[in-house]
Amino acid sequence: MEPQPQPHNNYVALIIGVTGLTGVSLAEALSRPDCLGGPWKVYGASRRPLPAWFSPSLLHHYITLDALDTEDTRAKLSPIAHEVTHVFWVTFQIREDEETNVAMNGTMLTNVLNVLRSSPSPRLHHVTIQTGTKHYMGPINDPVRSRHLASHDPPFHESMPRLPYPNFYYALEDLVASYAPSLTYSVHRASIIIGASTRSTHNALLMLAAYAAVCRHEGLPFRYPGTRYTWEHFCDMIDAGVLAEQHVWAAVTPQAKNEAFNCTNGDFFTWKKMWKVLSEEFDVEFVDYKEEDDFDIVEMMSHKGEVWEEIVEKHGLYKTKLEEIACYPPFKVVANFKFQHVSSMNKSKEFGFLGFADSFKSVRKWVARLRHMKIIP
Ligand SMILES: NC(=O)c1ccc[n+]([C@@H]2O[C@H](COP(=O)([O-])OP(=O)(O)OC[C@H]3O[C@@H](n4cnc5c(N)ncnc54)[C@H](OP(=O)(O)O)[C@@H]3O)[C@@H](O)[C@H]2O)c1
């Protein structure tokens, strides 16, 4: 019989948003017997039952709860409130106006922390909060505010001051910091996340995969939905596996307590080069950028729900609806940035997190994974 690893810390994780892009990778990381700080006991939560592609063996127990609902959260988390030592916050609710986002996301986090803190013998001592580069850009998806935003100049650095706009990321940081000193926290400011889930609000790779599949199915050109500027300038992204590693590292590393860290793969790419990789992976012809192309991916894909259903049927894929798995407006915003979307990883490295990925290899890996999960053809 193989020797079983002995728990050292008896750490118990609760991943809120476990079926999302980062949640899945966190469940995989934390369930490995040799995970930093482990072996861990891992609970995961989100609203809907587990999808068929999610392996229940990654979790000790899966909990369905709506973190927006105070009573539901209390009922579902009270039985484990005395056990949980670490919360991994990888969930969010997003609406158009940022005031609503501040209110909703603040309520969700308050509901969860209040239950865990109200146990007669709470063990909770660290919360990781995932946010993103909107910390430096402001509410870019708010249709009114986005027209007048004065964002920071990239590369984004953690020391940049907050912008003078409402931002639910700031609200979450302030909220978790308000529990000090009885709790520590870390903030993970993610770039565009590349991973595999059908339960994600903004899944750039799946959105591009669905677009490419429609182009292939209908014999349409796989055009880039942005500007020449973003086609030729640098952007960065983050592999969901590396992001999960950064969460775990910060959760168990004393010098990372009460700090915020950017999280990117540590390299850059141009969409022009990435488009070649995507074209190869999705088996569509590479189409170079053309100025005269007046092409709106949001408009085009808004009519392709039935085509996606045909593709799912034809290839025997896991059943999804296009509008549930692919959200095109945020990608259109990214593809039309007037600046290079890049963040510095210096602080993260200086504090001791050295995780990285080659963005091109990462994209190829996650495309293969989505295919293996039978989510894309
Ligand atoms: N996606 C990106 O590329 C990206 C990039 C940078 C930053 N971020 C930031 O990262 C954070 C996490 O986003 P993500 O993209 O990793 O998440 P995600 O993939 O969209 O996953 C969200 C998860 O939360 C669950 N969920 C949603 N509402 C819930 C509720 N009320 N109660 C309980 N569970 C709920 C979802 O499952 P159910 O729907 O079944 O509940 C799902 O498991 C956000 O702040 C986001 O802005 C994301």
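Key figures for this structure:
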read-out	value
Charged-residue dipole, Cβ positions (Lys, Arg, Asp, Glu), the stretch 199-299 about Cα centre, Debye nearest 20	380 debye
DSSP H segments from the chain that extend 18 Å or more along their own axis, Cα-based, with Kyte-Doolittle mean of 1.0 or above	204-218
Volume per residue of the C-alpha convex hull in the stretch 117-276, rounded to whole Å³	160 Å³
Long-range amide H partners of Arg189 with built H, under 5 Å	Thr131, Phe261, Asn262, Cys263
Protection proxy ranking of 263-273, 367-377, 311-321 - average other beta-carbon atoms within 10 Å, highest first	263-273, 367-377, 311-321
Long-range amide H partners of Val90 with built H, under 5 Å	Ile16
Whole-angstrom gap from the stretch 215-271 to the stretch 131-145, using each part's C-alpha centre	16 Å
Filter on Lys273/Lys338; Lys257/Lys365; Lys257/Lys338; Lys304/Lys374; Lys276/Lys314 - keep pairs with C-alpha separation over 28 Å	Lys257/Lys365; Lys257/Lys338
Pairwise centroid distance, computed over Cα atoms, of the stretch 41-68 with the stretch 321-377, Å	23 Å
Length released on extending from Met160 to Lys290, taking residue separation times 0.36 nm less the Cα-Cα span	43.2 nm
Relative contact order computed over the chain (Cα-Cα under 8 Å; 6+ residues apart), in percent	18 percent
Per-selection Rg to Rh, the stretch 136-181 - Cα, Kirkwood hydrodynamic radius	1.03
Burial ranking of peptide ranges 146-155, 29-38 (average Cβ count within 10 Å, highest at the top)	29-38, 146-155
Calculated SAXS-style log₁₀ I(q)/I(0) at q = 0.10, 0.16, 0.18 Å⁻¹ - the stretch 266-377, Debye, Cα scatterers	-0.42, -1.02, -1.22
q = 0.07, 0.10, 0.13 Å⁻¹: log10 I(q)/I(0) that the Debye formula gives for the chain, counting C-alpha atoms only	-0.30, -0.63, -1.09
Where the Cα pairs of the stretch 207-343 fall when distances are cut into 5 Å bins, in %	2, 9, 16, 18, 18, 14, 11, 7, 4, 2, 0
Net charge dipole size for the chain [Lys, Arg +1 and Asp, Glu -1 on Cβ; Debye, nearest 20]	760 debye
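No value in this document is a laboratory result; all are computed from the given coordinates. None of these values were measured; they are calculated from a predicted model. Using ideal geometry, Cβ is built from the backbone for each residue, glycine included, and neighbour counts are taken over all protein chains shown.
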